[in-house]
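Notes for the one structure printed next.
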């Protein structure tokens, strides 16, 4: 297979600010970020009003001590300057300032590229403790393929395995709310922890390319199951069912709930779970399990129970052709989970058409519980938190 042609464009560094062009995608991203920050967090909804009573404070019985220990180990490796840069209050809006594009727009925290090997290992230990083996393998695969694109393009200031930023919100605790975030090109994981509950959204994972044919990480591949599972489900539908599932023919520029769209209103579309045959329902569940299965064991099963409680309100939507080679988009949307998959146009590579060599996936918790915010709201209601800057509100005690 011939190597894709690299796109010729002005440099857009990943580690320091630069002059944005007057028009285009990047200024649009920044304008959207400012608009988002100017408004209170609502969450992804169908009509601007979060449905009540979907999420509850509870004891799961699944210990989060491994996540606490790994995070404390990571923080212990940082010097005072790094620690100051890496830590935020639990309510800090930096939670929402993640961005999957590679140029430096709104990065915060400490960059793995500036860490020594022990610090990098500790940072990855925190990620590993929070994810399943499959989830961690996918996250590392994304990072490795970001190194592959650096090798292919020669753009050392834009891409690389360690161009990712780590942040810790609040103080690791078995009782008080806290969390962590990794943010960078094609990899964003938000992990909110309260007691022994966790919320692992927004979770953005993508890659261009999705397979390394050569280089340091030759053979690395990501999103095969996400792609194959979505296509298998769509192909299993009858013509009439496919007609209900298809919501468009032109693939979107990006997934709909990408960066700085925390308050997006998105209607349910497509075919509903209860309109599927038993074998089709099983395919949908297996596909959901691929994404939920990124979470650490125990907590993944709890998340899956939450999803299963709303299956009759779960929709599968599709954009694009239905064949073995064409790119496509799909979405799984319920009151408690929103999954998006999209084949993208080239950014590093010089192709303006959508291809299967550039994929974005995104998992959200609709109705106000991204970043665990609905759980945090309920937590605050149980205590005296009349002032937003009390130590407890800032996660300091």
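The values are calculated or read from the model by the stated rules, or taken from the named source; none is laboratory data. A quick note: this is a predicted structure, and the numbers were derived from the prediction, not measured. Positions of Cβ are backbone-derived with ideal geometry, glycine not excepted, and every protein chain shown enters the neighbour counts.
Specify which of the listed residues (311, 264, 287) is under 17 Å from the mean Cα position of the chain (by Cα), touching a residue at least 24 places away in the same chain (Cβ under 8 Å) and surrounded by fewer than 20 Cβ atoms within 10 Å (Cβ to Cβ). Quick ask: steps written out before the conclusion?
Numbers: 311 fails: under 17 Å from the mean Cα position of the chain (by Cα); 287 fails: surrounded by fewer than 20 Cβ atoms within 10 Å (Cβ to Cβ).
Only one candidate qualifies: 264.
Of the residues 134, 51, which single one is assigned to a helix (DSSP H, G or I) and modelled with pLDDT of 95 or more?
134
Does residue 40 satisfy being free of Cβ contacts under 8 Å to residues at least 24 places away in the same chain, within 19 Å of residue 202 (Cβ to Cβ) and either in contact with a helix residue (DSSP H, G or I) (Cβ under 8 Å, 6 or more places away or on another chain) or in a loop (DSSP other than H, G, I, E, B) (or both)?
yes
Within the stretch 229-260, count every residue that is surrounded by fewer than 20 Cβ atoms within 10 Å (Cβ to Cβ) and assigned to a loop (DSSP other than H, G, I, E, B).
7
Picking from 70, 123, which residue would you name as being closer than 28 Å to residue 364 by Cβ, assigned to a helix (DSSP H, G or I) and touching a strand residue (DSSP E or B) at 6+ places or on another chain (Cβ under 7 Å)?
123
Here is a list: 175, 161, 226. Which entry is in contact with a strand residue (DSSP E or B) (Cβ under 8 Å, 6 or more places away or on another chain), outside any strand (DSSP E or B) and within 25 Å of residue 126 (Cβ to Cβ)?
226
Inspect all residues belonging to the stretch 187-198 and state whether any of them is farther than 30 Å from residue 379 by Cβ and either assigned by TED's automatic domain parsing to the domain that holds residue 264 or out of contact with any helix residue (DSSP H, G or I) (no Cβ under 6 Å at 6 or more places or on another chain) (or both).
no
Having 3 or more residues that are at positive phi and touching a strand residue (DSSP E or B) at 6+ places or on another chain (Cβ under 8 Å) is the bar; report the helices (runs of 4 or more DSSP H) wholly within the stretch 270-381 that clear it.
Fully inside the stretch 270-381 and qualifying: nothing.
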